[in-house]
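First up is the structure itself, then whatever we jot down about it.
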Amino acid sequence: MTTTGNARARAERHEPAAYEPKWQARWAELRLHDTDLDDTSRERFYLLTMYPYPSGALHIGHWYIVTPTDAIARYKRMHGFNVFLPIGFDAFGLPAENAAIKNRINPRDWTETNMDNMRRQFRSMGATFAWENQLATCDPEYYRWNQWMFTKFMENGLAYRAVSPVDWCPNDGTLAREQVEGVDRKCWRCGAKVEKRELPQWYLRITNYADELLNFEGIDWPEPIRIMQTNWIGRSSGAEVVFKTAASDHHAGGEELRVFTTRPDTLFGATFMVLAPEHPLVGALTAPDRRAEVDAYLAAAAAKTEIDRLSADRDKTGVYAGSDAINPVNGARIPVYVADYVLGGYGTGAIMAVPAHDERDFAFARKYGLPIINVVMPRDADPEAVLESAFTEHTIDEVMVHSGPFTGRPAADAWREIVDWLRSEGLGDDAVTYRLRDWLISRQRYWGTPIPVIHCPDCGPVPVPEADLPVLLPDTVDYQGSGDNPLTRDEAFLAVDCPQCGRAARRETDTMDTFVDSSWYWFRYLAPHNDQGPVDPTLVEQWTPVDQYTGGAEHAVMHLLYSRFFTKAMRDLGLISQNEPFRRLFNQGQILGADGERMSKSRGNTVDPDDLVARHGADTVRLFLMFMGPWDQGGPWSPTGIGGVSKFLGRVWAIATDPHGREPSDPLSGQLPAGETEADARDRMRAAAHRTLRDVTVDYEGFRWNTMVAKLMELSNVLWRYRGTSVAGLPEWDEAVRLMLLMLAPAAPHITEEIWSRLLEARGEPWESIHVQRWPEVDERAVVEDTREIPIQVNGRLRDKVTVDVGISEIELEQIVVARDKVIAAIGAGKVVRIIHAGGKLVNVVVRG
RNA sequence: GGCGAAGUGGCGGAAUGGCAGACGCGGCGGUCUCAAACACCGCUGGGGGCAACCUCGUGUGGGUUCGAAUCCCACCUUCGCUACCA
C-alpha cells in the first residue's frame, strides 16, 4: 500500500528514551553479556579497558574509551567469539582520602557511593561488561593478594627497604620517580611541588627486569609507547673504569674511584674528574682549606633540587675538592671536582671528564680554565687544533691522537681495544647502566594496601606470615583534620608481636602505591573471589595474555611498564606462565575541554554525559564520539555536530519502521531517480549494502570508527532516496535494511535492538536479540559492476572521464580515450609518448612537445 | 636540547602513489508553517566566466615519478613526552 502526503504525520517519531532503558534492563535480566569463562567451545577473546578511578561520576572521556571498546566486544561476539569484557574500580588513592578529610567521612563510604553511581552510568551507555566478575581494589578480597605477592617478592629479593633521597610530595608523601612531572617537578596526581627527602622506603626491584623489558617481541604495541618505555629504561653500554685517588697532605690516597663512561676511547683525554654532590667520597677527598667552599656548594646543590631547576641556567657550576686522581692509562694526575651536573643516582655517581669530547665537560673546562686535550680527531685534522666546541664524532673516519699506544688507531676500533686492555690490567671492564630505577612503592597514606611488614627491634623488618593476611585497613580512623597518615596514631593497628621472636613489635604504616593494584588486576578479574591464591591458574592459562587492551597513553612509563614487570615477576614466582600482559594495545586519544585544556572540575570545562544522554539518547552519544575523528587522536570537545548523528539515527528509524513514507516537502519523493529503472534501483541497493558491509568490516577490524559511521551514513542516504518509491519493501530493500542494522548494532545497540524486535514482530517471528546474530557475509556478486567510470588524465592533469565496460581491453580503451574531444584538445600539437593504465582505475596520456 | 605525533575548506575530518575535500557540522537559498522551531529539498575550497569550462589549491622550499596530500631532503609551526643519564 502506498502512503501519501500525510505519511510523516502517521510515522512514529524516533524517541530513544522510549526504548533505551527498556533494553538495558532486558539485557541485564537475560544476562546476555555475562561470560561463561569455562566455555571452551568458542574461541576466547579477552578485551580489557583500563579500569576507572571512582572519582564520583563518569565524564565524557570515560565514554570515549568505553564506547568503542564495547563496540569491539559486540562485534567480536557477532563473529562467534566468547568475549570477556570485565570492569572494576581502581578504588584506592588520594582523592577518597581528601574527600574524607574534608567531609569527615570514611573514604570507604565515599568510594562505595561513587562506584554505585558510576555502575549506573555504565549501564546507561549500554556497555556490555561482565558484571559478575567486577572487582574493587579497596576490597580486602583484592588487596590481600597485593600483600601476599609483596611477601613473596620479599622472599625472592624483589622487594627491599632502603634509605635514599626520595621525591616527596607534601600531599601524597613519597612518589616514584616517574610520578614526578615536568621540569618544575610537580606531583603527577595533585600538582604540588615535589621535594627531596631522605627516608627508609620500600622498593620493588624492577631493574632486575630492565633488559627483558626492552624486548617487545610477540606483542603488538604502538611504536610511540615502545619508544617511550625504551627511553625510560635508558640502557647505555660502556665501560666502568677504576681510577685511584692520589696521595696528598690531607689524604693517604689509593682509594678506588669508579666511573662509568660510554666513551672509553676518550680515556686519554680525561683532564679532571667530577663527583656528584651525593658521592660517598666527597667528604674524604675534601682538603681542609677547601672544606668551607665545598660545604657551601653541597648546601647550595641540595637547595637547588628544591628550587626551580628550570631557571637552571644550564650553566655548569662546581668546586675543586682539593684532591687529585690518577688516570690509570697514563698515570696523569687530574683534579677532582664536585659538581651537580653529575647525578648521584646514575652510573657510579662519578665521571671522568673529557672536555674535548663531551659538551658538558667542555663547558665546565672552559669556565674553570681546565686543560682540554684532543684524543679523537678527523683523519686530516691538526691534533693540536684548539676546539671551539666538543668534538663528539667517533666513527671509522676519525683517528686517535695523544692516546699513548692507541695513537693512530681508528676511533671506531679504539673503543673495544681500550676496554680489552683495561680488563687485562684489571682496571676496568664492559659495563651497562640504566636510567630505570627501582620502583618506590611506599606511600605515607591511609587509603591504600597496608604494606604487610612488622618491624621488630631484634629481627628487623619481618613479612607478615601468609596465615595472618590480609593486614586489614582499620575502618575507623581519626584524621584529626590533618593530611598525615592516621595509621601512625592507631595503636590498635600498630601494636603487634613479632612473628619470628614473639616480642612486641610495630607494624609498618606505609601503604602501597596504587599502581601496585593495577599491575595485575586483569588476572584477578578471571576469579575475583578466589581465596586460594591471587589467580586461578587454569583460567589464567586459558584467557591471558589479554587479547586487546584499550586505554590512555599517559600511562606509558607507569602502569604499562609496571604491568609488564609484574607479569614477569609473577611468572618467576611460578604463578603464571605468561611473559607479557597485553598482546595488543591501543591508545585512544584524550578528549579535552572546549578550551583545549585537559578536562577537570577545577577548570570547569567538564562535559556531563548524563545530560547528553537525556537530550539525545545513549546511541547518539556513542555514535557521535566515534564519529568525531580517529580514535587515537582525541581532541577538544565540541558538541556541534551531535545533531547530525541524531538526524542519521532518525533516518535509520524512518527507513526501517516506515519504508513507504514520503517527504511532503520534496516534490520528487516517492519517484525513482530520473532515468533509473526499478531493476537498476534493486541492483544499486544490493551493491550499496554489500559494498558498505565489505568496507565497514575493515573499519571495525582497524577501530576506524569515524569512517565506519560515515559509510553507514552513506548507505542510509541511498536507502533514504529510495524510501517511498516502488522498490521500498522489495527483497533487496529488506536485505539492505537488515545489513544496515547488523552493521550498526555494535555501535548503536539500542536503536538496532528496538527496530530488530519490531521487524521480527511484524513478520510474526519470535524475538531473538540482534546482539546474538552472526555478522553477515559479503555477497561479492552484488558488489561487481558492469561498467566503470574511468578518469582520463593528460600529463597527470584530469581532463575527461569515460564510462566503459569493466572487461574492456587496454587497447580498446586507448582507442576510446584518444578519440575524446577533450583529450584531443588537451594533447594539442604535442605527441603522445605513452599511455599509462593504472590498474583499470585511471588512464594517463603522456604527451611531449 | 632530545624523542615522538601532527599540519588538508569557515569547523571536525576523508583520501597513505592514481578523480583532493567522502561523511558530518556550519553557512546560503528554498519547501512546509499564520509564524518560529523541527523536518525536508538544493547549493557551498579560492579566483575567472552567462555557460560548457579554465585556473590556483593539502604549512614552506626543493627532489623522485607518467602521476605526490601521500615517498625523499631541508626548513617553519603546533601538540605530547623527556630533560645535564656521562
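Numbers below:
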read-out	value
Those residues of the range A:632-653 which are more than 8 Å from RNA strand B (Cβ to nearest atom) and modelled with pLDDT of 95 or more, in sequence order	A:LEU649, A:VAL652, A:TRP653
Condition check for A:GLY238: near RNA strand B (Cβ under 10 Å from one of its atoms), more than 16 Å from the chain's Cα centre (by Cα), buried (at least 16 other Cβ atoms within 10 Å of the Cβ) and over 18 Å from A:GLY552 (Cβ atoms)	yes
Failed item, numbered, when A:ARG366 is tested on (1) open to solvent by 70 Å² or more (accessible area, probe 1.4 Å); (2) more than 15 Å from RNA strand B (Cβ to nearest atom); (3) farther than 14 Å from A:GLY269 by Cβ; (4) charged (D, E, K, R)	(2)
All helices (runs of 4 or more DSSP H) inside the range A:472-571 with 3 or more residues being of a type outside the set (S, T, N, Q) and more than 16 Å from RNA strand B (Cβ to nearest atom)	A:491-494, A:521-524, A:537-543
The lone exception for A:PRO499 - which of (1) surrounded by 15 or more Cβ atoms within 10 Å (Cβ to Cβ); (2) under 30 Å from A:THR49 (Cα atoms) it fails	(2)
Residues of the range A:396-427 that turn out to be touching a Pro at 6+ places or on another chain (Cβ under 8 Å) and not hydrophobic (A, V, I, L, M, F, W, C), as a count	4
Hits in the range A:769-789 (condition: within 15 Å of RNA strand B (Cβ to nearest atom) and surrounded by 10 or more Cβ atoms within 10 Å (Cβ to Cβ))	A:GLU785, A:THR787, A:ARG788
Filtered residues of the range A:363-421 (kept if part of a helix (DSSP H, G or I) and out of contact with any helix residue (DSSP H, G or I) (no Cβ under 9 Å at 6 or more places or on another chain))	A:LYS367, A:TYR368, A:ASP420
Those residues of the range A:207-254 which are farther than 22 Å from A:THR286 by Cα, in contact with a strand residue (DSSP E or B) (Cβ under 8 Å, 6 or more places away or on another chain) and of a type in the set (S, T, N, Q), in sequence order	A:SER236, A:SER237
Members of the range A:508-535 that are crowded, with 19+ Cβ neighbours inside 10 Å and over 16 Å from A:ILE441 (Cα atoms)	A:TYR521, A:TRP522, A:PHE523, A:ARG524, A:TYR525, A:LEU526, A:ALA527, A:PRO534, A:VAL535
Residues (within 28 Å of A:TRP421 (Cα to Cα), in a loop (DSSP other than H, G, I, E, B) and either open to solvent by less than 40 Å² (accessible area, probe 1.4 Å) or within 7 Å of RNA strand B (Cβ to nearest atom) (or both)) located in the range A:312-342	A:ASN327, A:PRO328, A:VAL329, A:ALA332, A:VAL342
Per-region count, the range A:131-161, residues touching a Leu at 6+ places or on another chain (Cβ under 9 Å), outside any helix (DSSP H, G or I) and surrounded by fewer than 20 Cβ atoms within 10 Å (Cβ to Cβ)	2
In the range A:219-235, residue nearest to RNA strand B (Cβ to nearest atom) [restricted to those that are open to solvent by 40 Å² or more (accessible area, probe 1.4 Å) and among the β-branched types (Val, Ile, Thr)]	A:ILE227
Residue check for A:ASP805: within 11 Å of RNA strand B (Cβ to nearest atom), within 30 Å of A:MET685 (Cα to Cα), surrounded by 10 or more Cβ atoms within 10 Å (Cβ to Cβ) and of a type in the set (D, E, K, R)	no
All positions within the range A:706-724 that are within 8 Å of RNA strand B (Cβ to nearest atom) and basic (Lys, Arg)	A:LYS711, A:ARG721
Odd one out for A:GLY552, checked against (1) at pLDDT below 95; (2) in contact with a Lys or Arg (Cβ under 9 Å, 6 or more places away or on another chain); (3) of a type outside the set (A, V, I, L, M, F, W, C)	(2)
A:ILE755 away from RNA strand B (no atom under 16 Å from the Cβ) and surrounded by 15 or more Cβ atoms within 10 Å (Cβ to Cβ)	yes
Residue match in the range A:633-650 (condition: of a type in the set (D, E, K, R) and open to solvent by 70 Å² or more (accessible area, probe 1.4 Å))	yes
Selection within the range A:553-571 - out of contact with any Phe, Trp or Tyr (no Cβ under 9 Å at 6 or more places or on another chain) and under 19 Å from A:GLY218 (Cα atoms)	A:ARG571
A:ASP167 farther than 21 Å from A:THR567 by Cβ, within 12 Å of RNA strand B (Cβ to nearest atom) and modelled with pLDDT of 80 or more	yes
Failed item, numbered, when A:ILE792 is tested on (1) touching a helix residue (DSSP H, G or I) at 6+ places or on another chain (Cβ under 6 Å); (2) within 16 Å of RNA strand B (Cβ to nearest atom); (3) part of a helix (DSSP H, G or I)	(3)
Those residues of the range A:569-597 which are more than 23 Å from the chain's Cα centre (by Cα) and of a type in the set (Asp, Glu), in sequence order	A:ASP572, A:ASP595
Residue among A:LEU730, A:LEU759, A:LEU712, A:LEU744 that is among the hydrophobic types (A, V, I, L, M, F, W, C), over 20 Å from A:ASP619 (Cβ atoms) and at pLDDT 95 or above	A:LEU730
Every pair of residues 6+ apart whose Cβ atoms lie under 8 Å, when the first sits in the range A:554-583 and is touching a residue at least 40 places away in the same chain (Cβ under 8 Å) and open to solvent by 40 Å² or more (accessible area, probe 1.4 Å) while the second is β-branched (Val, Ile, Thr) and part of a helix (DSSP H, G or I)	A:ASN579/A:THR567
Check on A:HIS79, within 30 Å of A:LEU473 (Cβ to Cβ) and not small (Gly, Ala, Ser)	no
Conditions (1) closer than 30 Å to A:VAL294 by Cβ; (2) more than 12 Å from RNA strand B (Cβ to nearest atom); number of the one not met by A:ALA390	(2)
Answer residue from the range A:272-307, given it is closer than 30 Å to A:ILE418 by Cα and either acidic (Asp, Glu) or open to solvent by less than 10 Å² (accessible area, probe 1.4 Å) (or both) and is nearest to RNA strand B (Cβ to nearest atom) among those	A:ALA276
Residue, farthest from RNA strand B (Cβ to nearest atom), within the range A:815-837, restricted to residues that are part of a loop (DSSP other than H, G, I, E, B) and out of contact with any strand residue (DSSP E or B) (no Cβ under 7 Å at 6 or more places or on another chain)	A:ALA829
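The values are calculated or read from the model by the stated rules, or taken from the named source; none is laboratory data. Computed from a prediction, not measured in an experiment: that's the story for all the values here. With ideal geometry, Cβ positions are generated from the backbone for all residues, glycine too; neighbour counts draw on all protein chains shown. These area figures cover heavy atoms from the full protein model, side chains too; ligands, DNA and RNA do not enter into them. Shrake-Rupley method; radii C 1.70, N 1.55, O 1.52, S 1.80 Å.
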